[in-house]
1. Is it true that some residue in region 166-184 is open to solvent by 50 Å² or more (accessible area, probe 1.4 Å), in a helix (DSSP H, G or I) and at pLDDT 90 or above?
2. Out of the residues in region 138-154 meeting the condition of being modelled with pLDDT of 90 or more and touching a helix residue (DSSP H, G or I) at 6+ places or on another chain (Cβ under 6 Å), tell me which one is farthest from residue 124 (Cα to Cα).
3. Got a number for residues in region 136-150 being open to solvent by 40 Å² or more (accessible area, probe 1.4 Å) and assigned to a helix (DSSP H, G or I)?
4. State all residues of region 25-35 that are closer than 20 Å to residue 99 by Cα and touching a residue at least 12 places away in the same chain (Cβ under 8 Å); if no residue qualifies, say none.
5. Answer yes or no as to whether residue 186 is free of Cβ contacts under 8 Å to residues at least 60 places away in the same chain and acidic (Asp, Glu).
6. What number goes with the only condition from (1) of a type in the set (D, E, K, R); (2) part of a loop (DSSP other than H, G, I, E, B); (3) modelled with pLDDT of 85 or more that residue 112 does not pass?
7. Run down 188, 195 and say which single residue is under 13 Å from the mean Cα position of the chain (by Cα) and either at pLDDT 85 or above or among the basic types (Lys, Arg) (or both).
Amino acid sequence: MSERFGTDVLITCPHCERPTLAVVVGEASGIDEDGSPPYLLELVRCSKCSKPFLAVEEDYGEGWDGEPGVLWPEQQRPLSLHVPEDLRRVHAEGRRCFSAKAYTATAVMVRRTLEAVCVDQGMVSDAPGRPKPLFKMLEEMRDQGKIDGRLFEWAHELRSLGNQGAHYSSTSVTREDAADGLALAEALLDYLYVLHAQFNAFKQRRQDAQEKRQAHKVPPPNPKPTTRQEA
């Protein structure tokens, strides 16, 4: 039975990165045995750039949710290997939550990423078994010059988003907030571990080049000694 074939779905094209009414040119539904909701795979074609991509919708009991997510091509770039493995793993889990449309869980993983960054940067409690509050750890990172005022503001907002996800309330985490949270967390990781390492390498390279020039600089000739008569 056709569900979406021949219809249009509103989605952001992963190729041209523009919102588009993509036409469904193929589909297949399925259900896993792990209790996850039924899903509908949709092969769609962008109405703007005409390139195909694969999307998915899910049924939570009221029919397909009408919010297709892109499965292929994957647009998320891998984090640099300069970022510690533990931090890459935590952030990757947040990405998987977002791909599964678990936006509240995404916010929680963003906050967990912040905590992991603080611990990796040495912002740990002096009392065993009593971790510092995340806000205090972020303040210490700012005071120690590891992050500037703007990055501290970003991190503070990400912490608030994580708290919204971790504690029950009537306000849900939106897709847009979850996406922005992931992007800002990634920017923070890039600043601390990628750009910092790149800048240090840049400074060292320039210092080495300057020392090399100094070593190969030809000294000026010694002045000819004068005799008493010449004087």
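1. no
2. 142
3. Result for region 136-150: 7.
4. Filtering region 25-35 for residues closer than 20 Å to residue 99 by Cα gives 27-35.
Hits for region 25-35 are 27, 28, 29.
5. When the stated conditions are applied, residue 186 does not pass them.
6. (2)
7. 188
For (1) in contact with a Pro (Cβ under 8 Å, 6 or more places away or on another chain); (2) open to solvent by 60 Å² or more (accessible area, probe 1.4 Å); (3) part of a helix (DSSP H, G or I), each residue gets a yes or a no:
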residue	(1), (2), (3)
53	yes, no, no
67	no, yes, no
94	no, no, yes
101	no, no, no
105	no, no, yes
108	no, no, yes
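The values are calculated or read from the model by the stated rules, or taken from the named source; none is laboratory data. These numbers come from a predicted model, not from an experiment. Reconstructed Cβ throughout: ideal geometry from the backbone, glycine too, with neighbour counts over all protein chains shown. Please note that ligands, DNA and RNA were not included when accessible areas were found on the heavy atoms of the full protein model with its side chains. Shrake-Rupley method; radii C 1.70, N 1.55, O 1.52, S 1.80 Å.
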